[in-house]
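Reviewing the structure listed below.
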Amino acid sequence: MSENPSCEFPRASRTHCPDIRVSFEFFPPKTVAMEAMLWESINRLAPLGPSFMSVTYGAGGSTRERTHATVARLAKEGVVKPAAHLTCVGAGREEIDAIAKGYWDAGVRHIVALRGDPPEGLGAKFMAHPEGYESSCALVAGIKKIGDFEVSVSAYPERHPESLSLDADLDFLRAKVDAGANRAITQFFFENEIYLRYLDRIRAAGIEIPVVPGVMPMQNFKQTAGFAKKAGASVPQWLADRFEGLDDDPQTRSLVAATVAAEQVLGLVDHGVRDFHFYTNNRADLVYAICHLLGLRPKLEQKAA
Ligand code: FAD
């Protein structure tokens, strides 16, 4: 059921659980103001000593330069290990390989390798570029040939919307591991049981890589619930009830969101989970508070923005 069922830290003393590891995901900024907010968030979260910070890659390579600039700056500053998301939508192998090589040359050693969604959006049929990588598995194998990258891939506890079954999804995850993936990061979920049951199935299927839960603090319930629906992640009624009536009350919503996410991660800690990947939405406050509850305290000199 759990990665480490013998957690010796009951709820009251969880903050002493010594081996919690976290990572943070950001998206590349579109405007100067968004860039300032991003780096403010990065500088706030970096002292917590995350394993890595990753930067997403917009559909069809739409953020190629901005993703690269953000990841390269993280690498140059050298405070936190960066990870670059990379997809194989709409580009030939040569182009993708050049991007990966560029990351290697910039000192980046970790890529989050994804197939990506078609330009028409989630749900549209994926068509590989005629000279491109045909799948995330092929992309992982291609990246591994370019350099000895650490490669993370996605995993879907409630199955990917395109997959026929959870078993088909597990077969696909296994193929990504066989291609060289070192870690999987899950799509977000709101019921811990879903992740724990999924992990049981993964281990029963003989897949041994770490499968890190992706945690999405609900900054904006309506928006996240809409996205979850498209992504195939279920939103339980009890969660909707908790946010009921708060659409125009961002302050209370934020407090509720922190409580909900804290309950979720602390519940996972009780099941022996030690690694967490946070979808930050480029905002530090909620995630910082949750990490504090997990027992993390600033470790580094906070960098000036
Ligand atoms: P895949 O590895 O492609 O697999 C998804 C499932 O679809 C498989 O398990 C399998 O069941 C089925 N499938 C796919 N291809 C085949 C095939 N050839 N044959 C049979 N079955 C198949 N998107 C972005 O655009 N940019 C990002 O930066 C980004 N970051 C993400 C980070 C995480 C942690 C996660 C969970 C998702 C991210 N995504 C991102 C979304 C992702 O690109 C989409 O969900 C996409 O639809 C699938 O790509 P994938 O690599 O996640 O999944």
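The values are calculated or read from the model by the stated rules, or taken from the named source; none is laboratory data. No experiment lies behind these values; they were computed from the predicted model shown. Here the Cβ is made from the backbone with ideal geometry for all residues, glycine too, and neighbour counts use every protein chain on show.
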*Answer yes if at least one residue in the stretch 129-139 is part of a loop (DSSP other than H, G, I, E, B), within 10 Å of the ligand (Cβ to nearest atom) and either without any contact (Cβ under 8 Å) to a residue 40 or more places away in the chain or over 20 Å from the mean Cα position of the chain (by Cα) (or both), and no otherwise.*
yes
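Go through Ala257, Ala225 for me and flag whichever is more than 10 Å from the ligand (Cβ to nearest atom), part of a helix (DSSP H, G or I) and without any contact (Cβ under 8 Å) to a residue 24 or more places away in the chain.
On the way: Ala257 fails: without any contact (Cβ under 8 Å) to a residue 24 or more places away in the chain.
Ala225 is the lone residue from the list that is more than 10 Å from the ligand (Cβ to nearest atom), part of a helix (DSSP H, G or I) and without any contact (Cβ under 8 Å) to a residue 24 or more places away in the chain.
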*Go through the stretch 199-211 and give me each residue that's part of a helix (DSSP H, G or I) and aliphatic (A, V, I, L, M).*
Leu199, Ile202, Ala204
*Please indicate, with yes or no, whether at least one residue in the stretch 155-164 is out of contact with any helix residue (DSSP H, G or I) (no Cβ under 9 Å at 6 or more places or on another chain), more than 30 Å from Ala258 (Cα to Cα) and in a loop (DSSP other than H, G, I, E, B).*
yes
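To keep it simple, each residue is scored yes or no on (1) at pLDDT 95 or above; (2) of a type in the set (Val, Ile, Thr); (3) within 16 Å of the chain's Cα centre (by Cα); (4) buried (at least 20 other Cβ atoms within 10 Å of the Cβ).
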| residue | (1), (2), (3), (4) |
| --- | --- |
| Gly49 | yes, no, no, no |
| Ser54 | yes, no, yes, yes |
| Arg64 | no, no, no, no |
| Thr67 | yes, yes, yes, yes |
| Val71 | yes, yes, yes, yes |
| Ala91 | no, no, no, yes |
| Ala100 | yes, no, no, yes |
| Val108 | yes, yes, no, yes |
_Any hit, the stretch 183-196, residues being among the basic types (Lys, Arg), at pLDDT 95 or above and out of contact with any Gly (no Cβ under 7 Å at 6 or more places or on another chain)_ = yes
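Does Ala233 meet the test of being assigned to a helix (DSSP H, G or I) and within 13 Å of the ligand (Cβ to nearest atom)?
Numbers: assigned to a helix (DSSP H, G or I): no; within 13 Å of the ligand (Cβ to nearest atom): yes.
It is false that Ala233 is assigned to a helix (DSSP H, G or I) and within 13 Å of the ligand (Cβ to nearest atom).
Looking only at strands (runs of 3 or more DSSP E) that fall completely inside the stretch 15-121, which ones have 3 or more residues that are within 15 Å of Asn281 (Cα to Cα) and within 15 Å of the ligand (Cβ to nearest atom)?
Values: elements: 21-26, 52-55, 82-87, 110-114.
Counting at least 3 such residues, we get 21-26, 52-55.
Tell me which residues, restricted to the stretch 168-198, are among the charged types (D, E, K, R), more than 9 Å from the ligand (Cβ to nearest atom) and not in a loop (DSSP other than H, G, I, E, B).
Quick first cut of the stretch 168-198, residues among the charged types (D, E, K, R) only: 169, 171, 174, 176, 178, 183, 191, 193, 197.
Keeping just the survivors that are more than 9 Å from the ligand (Cβ to nearest atom) gives 174, 178, 183, 191, 193, 197.
The answer is Arg174, Asp178, Arg183, Glu193, Arg197.
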